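Chemist: Below are the structure tokens for one structure; questions will follow.
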Amino acid sequence: MKLLMVVAPKRYREEEFEVPAKMFEEAGIEFDIASTQPGECEGMMGGIIEAKLAIKEAKEADYDGLVIVGGLGASDFLWSDDDLKNLTEEFGRSEKVIAAICLAPVILARAGLLKGRQATVFESPASLKLIEEGGANYLNIPVVSDMNIITANHPTVSKEFAEAVIEKLSC
């Protein structure tokens with residue numbers, strides 16, 4: 001079992017990466033880290049992680065699921081990244097597990113994966129507008145699982161988010 005975890009090159013939210021990553025490791029789930037380019041990624045609170053590959057180098061066929069980390073960097077760097085949009089669409093066509101937390105569910109909406117689906121997102125005027133424009137049925141609850149798609153709305157629910165991903169992978 002292997003996941004692709006995507007983070008912004010700057011201002012990703014540390015606990016939204018660290019908590020799931022630790023839980024995935026404990027569950028025996030491998031993962032690669034991708035960003036807009038390979039190299040060091042800097043979190044909102046100064047944390048540093050290494051992205052192994054650029055999003056455009058990642059291949060959907062190599063992974064069992066996609067996990068997109070939020071934080072302010074998600075809106076700054078990932079919302080408009082066409083490589084990530086295309087990759088997310090590929091995961092959607094394959095019906096693999098796709099998960100996004102905080103501001104990252106907007107990426108799923110932009111890829112057309114939330115049409116008619118229930119989803120949540122970190123509430124901001126822009127994120128709510130984009131989620132609804134993407135056709136999602138917005139729910140103001142911490143974690144939403146709708147078939148193969150998992151969304152979460154806040155860094156404080158990183159553990160529950162990771163649990164939902166692990167549960168979907170074991171189905």
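Chemist: Restricting the search to segment 41-86, which residues are part of a loop (DSSP other than H, G, I, E, B), in contact (Cβ under 8 Å) with a residue 60 or more places away in the chain and not β-branched (Val, Ile, Thr)? Give the derivation first.
Modeler: Here is the first cut: in segment 41-86, the ones part of a loop (DSSP other than H, G, I, E, B) are 44-47, 52, 58-59, 63-64, 69-71, 79-81.
Imposing the further condition that a residue be in contact (Cβ under 8 Å) with a residue 60 or more places away in the chain reduces the set to 63-64, 69-71.
Hits for segment 41-86 are 63, 64, 70, 71.
Chemist: Now for a separate question. Residues of segment 98-110 being under 8 Å from residue 134 (Cβ atoms) and touching a Lys or Arg at 6+ places or on another chain (Cβ under 7 Å), which ones?
Modeler: Hit for segment 98-110 is 110, nothing else.
Chemist: Still on this model: Take the residues of segment 20-68 that are surrounded by fewer than 16 Cβ atoms within 10 Å (Cβ to Cβ), more than 14 Å from residue 166 (Cα to Cα) and among the small types (Gly, Ala, Ser): which is nearest to the chain's Cα centre (by Cα)?
Modeler: Per the stated criteria, the residue is 54.
Chemist: Among residues belonging to segment 103-118 that are part of a loop (DSSP other than H, G, I, E, B) and out of contact with any helix residue (DSSP H, G or I) (no Cβ under 6 Å at 6 or more places or on another chain), point out the one that is surrounded by the most Cβ atoms within 10 Å (Cβ to Cβ).
Modeler: Within segment 103-118, the subset part of a loop (DSSP other than H, G, I, E, B) is 103-104, 111-117.
Next cut, out of contact with any helix residue (DSSP H, G or I) (no Cβ under 6 Å at 6 or more places or on another chain) only: 112, 115-117.
Values: 112: 13, 115: 10, 116: 8, 117: 18.
Here the answer is 117.
Chemist: With the condition kept exactly as written, say whether any residue in segment 135-147 is part of a loop (DSSP other than H, G, I, E, B) and within 14 Å of the chain's Cα centre (by Cα). Spell out the reasoning first.
Modeler: Within segment 135-147, the subset part of a loop (DSSP other than H, G, I, E, B) is 135-136, 139-142, 147.
Then keep just the ones that are within 14 Å of the chain's Cα centre (by Cα); that gives none.
Scanning segment 135-147, I find no residue that is part of a loop (DSSP other than H, G, I, E, B) and within 14 Å of the chain's Cα centre (by Cα), so the answer is no.
Chemist: Scanning segment 69-86 for residues that are crowded, with 24+ Cβ neighbours inside 10 Å and of a type outside the set (Gly, Ala, Ser), which turns out farthest from residue 147 (Cα to Cα)? Let's see the steps before the verdict.
Modeler: Just the residues of segment 69-86 that are crowded, with 24+ Cβ neighbours inside 10 Å, to begin with: 69-71, 73-74, 78, 84.
Still in the running and of a type outside the set (Gly, Ala, Ser): 69, 78, 84.
Values: 69: 20, 78: 24, 84: 21 Å.
Looking at the filtered set, the residue picked out is 78.
Chemist: Separate question: I need the full set of residues from segment 8-36 which are in contact with a Lys or Arg (Cβ under 9 Å, 6 or more places away or on another chain) and either assigned to a loop (DSSP other than H, G, I, E, B) or of a type in the set (A, V, I, L, M) (or both), in order please.
Modeler: 19, 23, 29, 33, 34, 36, listed by residue number.
Chemist: Still on this structure: Surrounded by 14 or more Cβ atoms within 10 Å (Cβ to Cβ) and under 13 Å from residue 162 (Cα atoms): does that describe residue 16? Can you show your working first?
Modeler: Values: surrounded by 14 or more Cβ atoms within 10 Å (Cβ to Cβ): yes; under 13 Å from residue 162 (Cα atoms): yes.
Considered against the rule, which asks whether it is surrounded by 14 or more Cβ atoms within 10 Å (Cβ to Cβ) and under 13 Å from residue 162 (Cα atoms), residue 16 comes out as yes.
Chemist: Considering each of 157, 121 in turn, give the residue that is surrounded by 15 or more Cβ atoms within 10 Å (Cβ to Cβ), part of a loop (DSSP other than H, G, I, E, B) and hydrophobic (A, V, I, L, M, F, W, C). Walk me through how you get there before you give the answer.
Modeler: Numbers: 157 fails: part of a loop (DSSP other than H, G, I, E, B).
Just one listed residue meets the conditions, 121.
Coordinate-derived values only; no laboratory data. Remember, predicted model here, so these are calculated numbers, not experimental data. When we count neighbours, we look across all protein chains shown, and the Cβ atoms used for this are built from the backbone with ideal geometry, even at glycine.
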